[in-house]
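First up is the structure itself, then whatever we jot down about it.
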Amino acid sequence: MSKHPSKIKSIRYSLGLAGVFLAFSGLSYAQTDTGSQTAGAGQLLGSQTCPDLTPYYNLSADPGWSAQDWDDLQAQLLPLLPRCLQETSYFALLGAAQLNTGNLNSALESLERALLLDPNNGGAQIDYAQALYLRGDLFSALAMNRQILGREDLPEDLAPSLQQRQQQWQGLTRQTQWHGDLLLGYDNNLNGAPSPSDITLTLSGEDVTLPLNPEFQPKEGPYLNGRLGMRYRQLAPEHQHNVVAELRGRVSDDAASDMLQFDARYAFIKPNAVHSWQAVAGISHLMFGGTPLYTAAEVGGRYMPSFQFARCRPYSAAAAQHQLFHNQSSLNAIESKASLGLNCIRDTNIGQQQWTPEFSALYNDPIRNRRSGGSRLGWQFNLDWRLQLPDGSPLKGSLMSQINHTEMMDQTGYSPLLEDNARRKVRRSYLLIQYNHPLSADTQLLMNFYHQKQRSNLELFRSVDTTLEFGFTHTF
């Protein structure tokens, strides 16, 4: 939660509220002028018991107090510690000084001590809620602030500020973000066609070579790619809901290769100190050349234990996907996937790096038995790598790459016309490299490189695709 500094600074209530803080804490308020308060504060050190802290509270009530003033106050209070070990007002004031000088851990300790001595110390409660928020413990801060607002002795002039703070913090539990991309690229295989210009058929036991129709050969050219996406996150004390939706389209001179795709995904995430797990569901729909091609619905889950080794946390995942092909119902299938992976994060001289290697077992089972090749078995290896470059480096932003290799094999012969009814083997590898360079707080320059190569014992399923694109992404 500490990633919202503008909101944090706007609600630091211990600044300028010390007078009300004093009354709310149940302390006596000496009506003296500022000069006598200053002199009195200096004379407190001569006492052997914990002195009256009213002059300190009166001084800190000045709206013009700076961080240096709070630091000076902290220096005056620390020598009093041995004499004030049982005074809740002392630890409340010391915690306020530490909080306003950025000494968060010490502030939490002092304010907790103040509340142990007097759980009803209102001033300590106000600052303790703020300290919890700054530490990132949002829901504990909300609970504490709600408790303060429910107090019958809450001063009327404090209530609006605390209500505003409650609304701002509550707003952080629901976060919506929109982003849009616009990229110009070039693709050497817009239509995803096979690489060979001819194929070999087995007819009556003889191999016959036939040229492919030019319509089914690779078409290359420039294209324009647009994307609109939304992310929504709702936080609760023990779980969170994540929703991601995205609509993207590609247009080029070859209208038959134009694409429009919609993806949506929901995740229920439940983390705790022992482990974390999540349940996911998603749907994807693809239109190619203006007609529906493919729709997939998926459910799955992921489990991550709390232990780690070498700064890596292992995880396991499983998913099942229903694949519907609108124009070729014989291809409809259910694909199952079981995965093991590691999530590794390391700080290096060139920035923070994240590595996520994952190995998966795949099984694709046709819904109808008349699919060529029958069921398919295979495996997949995926490696995600991300480098967050330091702000001071010449190349700011982030660099990301993904390497993927998948192998699948049919359990029965694919077709008597191809390689004498051999079982089809497909090996597909791709590399994705992406660089994001910030141009402003909301806009980034985006560069993508993508290369895919698919190999097979059947010529019809061999293909190569290379894409390079540049553009902008904007968050709003």
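The values are calculated or read from the model by the stated rules, or taken from the named source; none is laboratory data. What you are looking at is a predicted structure, and each value in this text was computed from that prediction instead of being measured. Heads up, the Cβs are rebuilt from the backbone with ideal geometry, glycines too, and the neighbour counts pull from every protein chain shown. Quick note on the areas: whole protein, heavy atoms, side chains included, nothing else; ligands and nucleic acids left out. Shrake-Rupley method; radii C 1.70, N 1.55, O 1.52, S 1.80 Å.
What pairs come up if the first residue lies in segment 305-326 and is aliphatic (A, V, I, L, M), the second is in a loop (DSSP other than H, G, I, E, B), and their beta carbons are under 7 Å apart, counting only those six or more places apart or on different chains?
Leu324/Asn332
For segment 433-452, check the following and say yes or no: at least one residue is open to solvent by 80 Å² or more (accessible area, probe 1.4 Å), part of a strand (DSSP E or B) and either out of contact with any helix residue (DSSP H, G or I) (no Cβ under 7 Å at 6 or more places or on another chain) or of a type in the set (D, E, K, R) (or both).
no
Read through the list (1) under 28 Å from His451 (Cα atoms); (2) modelled with pLDDT of 90 or more; (3) open to solvent by less than 70 Å² (accessible area, probe 1.4 Å), then give the number of the only condition that Pro196 fails.
Of the numbered conditions (1) under 28 Å from His451 (Cα atoms); (2) modelled with pLDDT of 90 or more; (3) open to solvent by less than 70 Å² (accessible area, probe 1.4 Å), the odd one out for Pro196 is (2).
Scan Leu116, Leu111, Leu80 and give me the residue that is free of Cβ contacts under 8 Å to residues at least 24 places away in the same chain and either surrounded by fewer than 23 Cβ atoms within 10 Å (Cβ to Cβ) or not in a helix (DSSP H, G or I) (or both).
Just a single option satisfies the conditions, and that option is Leu116.
I'm checking my understanding of the structure. Among residues of segment 368-425 that are among the aromatic types (Phe, Trp, Tyr) and either part of a strand (DSSP E or B) or within 30 Å of Leu439 (Cβ to Cβ) (or both), which one is farthest from the chain's Cα centre (by Cα)?
Trp379
Just name the residue that is nearest to Pro222 (Cα to Cα) out of those in segment 465-476 that are surrounded by 15 or more Cβ atoms within 10 Å (Cβ to Cβ) and β-branched (Val, Ile, Thr).
Of everything passing the filter in segment 465-476, Thr467 is nearest to Pro222 (Cα to Cα).
Counting only residues that are in contact with a Gly (Cβ under 8 Å, 6 or more places away or on another chain) and open to solvent by 40 Å² or more (accessible area, probe 1.4 Å), which one in segment 264-278 is nearest to Pro292 (Cα to Cα)?
This residue is Arg265.
Is there a residue in segment 210-224 that is farther than 30 Å from Leu182 by Cα, touching a Leu at 6+ places or on another chain (Cβ under 9 Å) and loosely packed, with under 14 Cβ neighbours inside 10 Å?
Among the residues of segment 210-224, at least one is farther than 30 Å from Leu182 by Cα, touching a Leu at 6+ places or on another chain (Cβ under 9 Å) and loosely packed, with under 14 Cβ neighbours inside 10 Å, which makes the answer yes.
In this structure, is Arg231 open to solvent by 50 Å² or more (accessible area, probe 1.4 Å), of a type outside the set (S, T, N, Q), within 23 Å of His322 (Cα to Cα) and assigned to a strand (DSSP E or B)?
No.
Go through segment 133-144 residue by residue and tally those that are open to solvent by 10 Å² or more (accessible area, probe 1.4 Å) and assigned to a helix (DSSP H, G or I).
So the count comes out to 6.
Do you know which residues across segment 145-164 are surrounded by 12 or more Cβ atoms within 10 Å (Cβ to Cβ) and in contact (Cβ under 8 Å) with a residue 40 or more places away in the chain?
Leu154, Pro155, Leu158, Ser161, Leu162, Gln164
Name the one entry in Gln130, Gln167 that is open to solvent by 60 Å² or more (accessible area, probe 1.4 Å) and assigned to a helix (DSSP H, G or I).
Gln167
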